[in-house]
1. On the basis of being out of contact with any strand residue (DSSP E or B) (no Cβ under 6 Å at 6 or more places or on another chain), assigned to a loop (DSSP other than H, G, I, E, B) and within 30 Å of Q205 (Cα to Cα), does S233 make the cut?
2. Among L67, L126, which is the only one that is open to solvent by 50 Å² or more (accessible area, probe 1.4 Å), modelled with pLDDT under 95 and in contact with a helix residue (DSSP H, G or I) (Cβ under 8 Å, 6 or more places away or on another chain)?
3. Which of the residues that make up segment 250-266 are open to solvent by 10 Å² or more (accessible area, probe 1.4 Å) and assigned to a helix (DSSP H, G or I)?
4. Name the pairs whose Cβ atoms lie under 7 Å apart, with the first residue in segment 216-238 and free of Cβ contacts under 8 Å to residues at least 40 places away in the same chain and of a type outside the set (S, T, Y), the second outside any loop (DSSP other than H, G, I, E, B) and surrounded by 14 or more Cβ atoms within 10 Å (Cβ to Cβ), and 6 or more positions between them or separate chains?
5. If I filter segment 203-219 down to residues being buried (at least 19 other Cβ atoms within 10 Å of the Cβ) and aliphatic (A, V, I, L, M), which single residue comes out as nearest to I289 (Cα to Cα)?
6. Taking P156 as meeting all but one of (1) modelled with pLDDT of 90 or more; (2) farther than 18 Å from A110 by Cα; (3) part of a helix (DSSP H, G or I), write down the number of the exception.
7. If you take the residues in segment 94-123 that are over 18 Å from the mean Cα position of the chain (by Cα) and among the hydroxyl-bearing types (S, T, Y), which one is modelled with the lowest pLDDT?
8. Could you grab me the full set of residues in segment 285-337 that are part of a loop (DSSP other than H, G, I, E, B), closer than 16 Å to M261 by Cβ and open to solvent by less than 40 Å² (accessible area, probe 1.4 Å)?
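The values are calculated or read from the model by the stated rules, or taken from the named source; none is laboratory data. Please read all numbers here as calculations on a predicted model, not as lab measurements. No Cβ is skipped: glycine too gets one built from the backbone with ideal geometry, and neighbour counts run over all protein chains shown. Protein only, heavy atoms only, side chains kept; ligands, DNA and RNA dropped before computing areas. Shrake-Rupley method; radii C 1.70, N 1.55, O 1.52, S 1.80 Å.
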Amino acid sequence: MIQVELWGQKKKLESPPPSTNPFLEDEPAPEMEELAAEKGDLDQPKKPKVPDNPFHGIVSKCFEPHLYVYIESQDKNLGELIDRFVADFKAQGPPKPNTDEGGAVLPSCADLFVYYKKCMVQCSQLSTGEPMIALTTIFQKYLREYAWKILSGNLPKTTSSGGGLTISSLLKEKEGSEVAKFTLEELCLICSILSTAEYCLATTQQLEEKLKEKVDVSLIERINLTGEMDTFSTVISSSIQLLVQDLDAACDPALTAMSKMQWQNVEHVGDQSPYVTSVILHIKQNVPIIRDNLASTRKYFTQFCIKFANSFIPKFITHLFKCKPISMVGAEQVRNW
């Protein structure tokens, strides 16, 4: 079982390491083999090139109408493989935080693509015609199932926050306990699913290219995995949106408490306001966890930061206008971050 290790890497990696992508581990290209052969035979007389065999593939084409048996077998095997992935995830649970597993690409996706490569190579040895198109359809089916059952199906569900916090309750707030938030384990799981979806997106593109290389030239246009790549992109977007919504909702009670305070009665400027302390607390809790778990997919951590800022800042300005009426001293306290 191939394990894909990305968790704990602090360096910037825009895509999974090449060694984990089975479609980047193929044998050398024919052109490279020819160059190597020519280099080794410089001192030997060149032999005339043997003409292509006109009978090549004639016998195997007789069996193409019966290869549906092989395709149906792979359909069944892949269905059982997806079911095993689901059962394994339920049995083993999500990646544990603060270990090398946290934020990792789920190993099941590498196993899936390794099996895909095996099927593709086997089928291309039997036929590069219609059976390859039928196998591609099977691949598409189980890429979607993997995205739905393993990735989207295991994303945590959002919960509504308590909402009715006051300044006094904010003063008592300990470690964000009064706000419904994702747990550390859930944050790590979301990041792991996001990283896995990115891996699947990149590897599906490689799979499409390899299928086009294997299939007959006349059938290349029928190989299209764009829909499946879009599905994984949707999983990535959903994961980022969950992370943004969680932090955004955690900050809402503080903003509500800020807008309900009688700012016109403030007589002197004091220390940092409780709502400011609360917002900073939630940001300091969530952002480092997300940053560390998305160390291998830094561009998506950047997207998370941008989306959160685009959501929080307009909301903060809206609540700021709700603070009216406000005195000069109150205005000084409001801006005391």
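1. Working: out of contact with any strand residue (DSSP E or B) (no Cβ under 6 Å at 6 or more places or on another chain): yes; assigned to a loop (DSSP other than H, G, I, E, B): no; within 30 Å of Q205 (Cα to Cα): yes.
No: the conditions fail for S233.
2. Result of the check over L67, L126: L126.
3. D252, T256, S259, K260, Q264, N265
4. If the second residue must be outside any loop (DSSP other than H, G, I, E, B) and surrounded by 14 or more Cβ atoms within 10 Å (Cβ to Cβ), the pairs left are I220/K212; M229/L201; M229/T204; M229/Q205.
5. Only one residue tops the list, namely L207.
6. Of everything listed in (1) modelled with pLDDT of 90 or more; (2) farther than 18 Å from A110 by Cα; (3) part of a helix (DSSP H, G or I), P156 misses just condition (3).
7. The selected residue is T99.
8. Restricting attention to segment 285-337, the residues satisfying the condition of being part of a loop (DSSP other than H, G, I, E, B) are 294-297, 322-327, 335-337.
Checking which are closer than 16 Å to M261 by Cβ leaves us with 322-327, 335-337.
Selection gives C323, S327.
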